[in-house]
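Visitor: Dropping the structure in here first, questions after.
The values are calculated or read from the model by the stated rules, or taken from the named source; none is laboratory data. Here the structure is a predicted model, which means the values were calculated and not measured. Cβ: placed from backbone, ideal geometry, glycine included. Neighbour counts: every protein chain shown. Accessible surface is based on the protein model in full, side chains and every heavy atom, while ligands, DNA and RNA are left aside. Shrake-Rupley method; radii C 1.70, N 1.55, O 1.52, S 1.80 Å.
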Amino acid sequence: MATYVVTGAAGFIASKVCEFLLEADNSVIGIDNFDPMYDLRLKDWRLKRLQAFPKFTFHREDICNLTILRDIFSTSLQVDAVINLAAKAGVRDSVLDPWSYYNTNVTGTLNLLEICKERKIKKFILASTSSIYGNDAPYPTLETSDSSHPLQPYAASKKAAETLSYSYHYLHGLDVSVVRYFTVYGPAGRPAMSMYRFTKWIAEGETVTIYGDGNQTRGFTYVDDIARGTIQALKPLGYGIFNLGGHQTISINDLIHTFESLLGKKAVLQYLPSNPADMNASWADVSKAKEVLGWVPEVPLEKGIPHIIDWYMQERSWASQVSTE
């Protein structure tokens, strides 16, 4: 079995990646700085599940600290791959604080690449984002679509991390897979994302705020599918970029109607002007991931959304207190 370092280990997608790796009897060294960008009870909930695995070790540290990172990596004789899922995420917040986004997403990535070079770690996975394609992307969006005009500091920081990763592939022979995530959803997701918001707002009778007319579309993929695709990208590929997610599109208005039906409650709607940091649509062409990685999403929206609602109702005592701002 292999040993993997997974950064952002208590995060939404990374925790599921860790879980799947551990279930396959691998060893996982998790790193997460518990950035309080959202309610840390969600990270606590995810981390507690991982700590039940005997082959999971955890370090509450920041990937921006190169000295500490070197100490962490020195605890293992062999690391087979680094899966860098640590990131400051969120397009709107990055407009308010671009410095912290660049620090984590670029400097943190650079530190990990440098350690891979120093320790001769052969494989590096970088989580990137569909936001990198900007607003003029064709739909469905291919990996070869223009990504040189990001609209927000978040997307720009991810583009910078991608180019750094390519540099280390070119100069040092590092095998790199870049996985560009589209909209991901599932239980214990980030509270600022629409799925968590709509569940909470409708269940608790709070006002559902929609930016724009609600006709904008998003391509959604369930977190388990995303985690499987990320793990499948561990295969040796040289350098590859893969869209993961966004294969099943729905308008925001239709998504709200779905939650209304499943929760048996009518939403109280408030429409506000659209946010310039938001994209009008996202819809991924995932044919390359299917062809090269063998990745096929398995969980449709009609099965995935009830999983979110079931989780929320089970954890409602605290999940209902989580801020969705």
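Visitor: Project the alpha carbons of the range 2-147 onto their principal axes and report the range along each, largest first, in whole Å.
Guide: Principal extents (Cα only, largest first): 46, 36, 30 Å.
Visitor: Antiparallel DSSP bridges in the chain: what percent, to the nearest 5? Before the final figure, lay out each step's value.
Guide: Working: 4 of 43 bridges.
Restricted to the chain, the bridges split so that about 10 percent are antiparallel.
Visitor: Using a simple charge model, +1 on the beta-carbon of Lys and Arg, -1 on the beta-carbon of Asp and Glu, nothing else, what dipole does the range 1-109 show about its Cα centre, in debye to the nearest 20?
Guide: Charge dipole, the range 1-109, about its Cα centre: 180 debye, nearest 20.
Visitor: Looking at the P(r) of the range 87-159, how many percent of alpha-carbon pairs lie beyond 15 Å?
Guide: Numbers: 1501 of 2628 pairs.
Percent of Cα pairs beyond 15 Å in the range 87-159: 57.
Visitor: If R₀ is 30 angstrom, what is the calculated FRET efficiency for the pair Ala2 and Lys303, using the beta carbon separation as r and rounding to 0.05? Show your work: numbers first, answer last.
Guide: Numbers: r = 31 Å, r/R0 = 1.02.
Here the calculated transfer efficiency is 0.45.
Visitor: Order these peptides, 59-71, 114-126, by their mean beta-carbon neighbour count within 10 angstrom, highest first.
Guide: 114-126, 59-71
Visitor: I need the shape label for the range 245-325. Rule: rounded when a/c is under 1.5, else prolate if a/b > b/c, else oblate, with a, b, c from the alpha carbon gyration tensor.
Guide: It comes out oblate by the Cα gyration axes.
Visitor: Working out 0.36 nm times the residue gap between Leu262 and Gln51, then minus their Cα-Cα distance, what length gain in nm do you get to one decimal?
Guide: Details: separation 211, 0.36 × 211 = 75.96 nm, distance 3.27 nm.
Difference between extended and current length: 72.7 nm.
Visitor: Could you do me a favour and compute the accessible area per residue for the range 1-154, 1.4 Å probe, result in Å²?
Guide: Per-residue accessible area for the range 1-154 comes out at 44 Å².
Visitor: Please build a GNM for the chain, connecting alpha carbons under 10 Å apart, and tell me which residue among Asp175, Asp25, Asp225 fluctuates the most.
Guide: Result for the chain, Cα springs under 10 Å: Asp25 fluctuates most.
Visitor: Go from 0 up to the bin containing the longest alpha carbon distance in the chain, width 10 Å each, and give me the % of pairs per bin.
Guide: P(r) for the chain, in whole percents per bin: 6, 27, 37, 23, 7, 1.
Visitor: How many nm is it between the label spots at Ala281 and Asn215, if each spot is 7 Å from the Cα in line with the beta carbon?
Guide: 1.2 nm
Visitor: Given a 1.4 Å probe and every protein chain left where it sits, what share in percent of the accessible area of the chain is carbon and sulfur?
Guide: On the way: 7260 of 13810 Å².
About 53 percent, which is the carbon plus sulfur part of the accessible surface.
Visitor: Run the helix sum for the chain: -39,500 (n - 2.57) per DSSP H stretch of 4+ residues, divided by residue count, reported at 222 nm to the nearest 500 deg cm²/dmol. Please list the in-between numbers first.
Guide: Working: 12 runs with 124 residues, N = 325.
The per-residue figure over the chain is -11500 deg cm²/dmol.
Visitor: Another question, then. Compute the projected area of the convex hull of the Cα atoms of the range 8-61, averaged over all viewing directions, and report it in nm² to one decimal place.
Guide: On the way: hull surface 12.5 nm².
Quarter of the Cα hull surface area: 3.1 nm².
Visitor: For the range 212-325, what does the accessible surface come to per residue with a 1.4 Å probe? Please give it in Å².
Guide: In whole numbers, the range 212-325 has 47 Å² accessible per residue.
Visitor: So for the range 220-325, taking the charge dipole from beta-carbon charges (+1 Lys/Arg, -1 Asp/Glu), which of Val296, Ile250, Thr324 sits furthest toward the positive end?
Guide: Of the listed residues, the answer is Val296.
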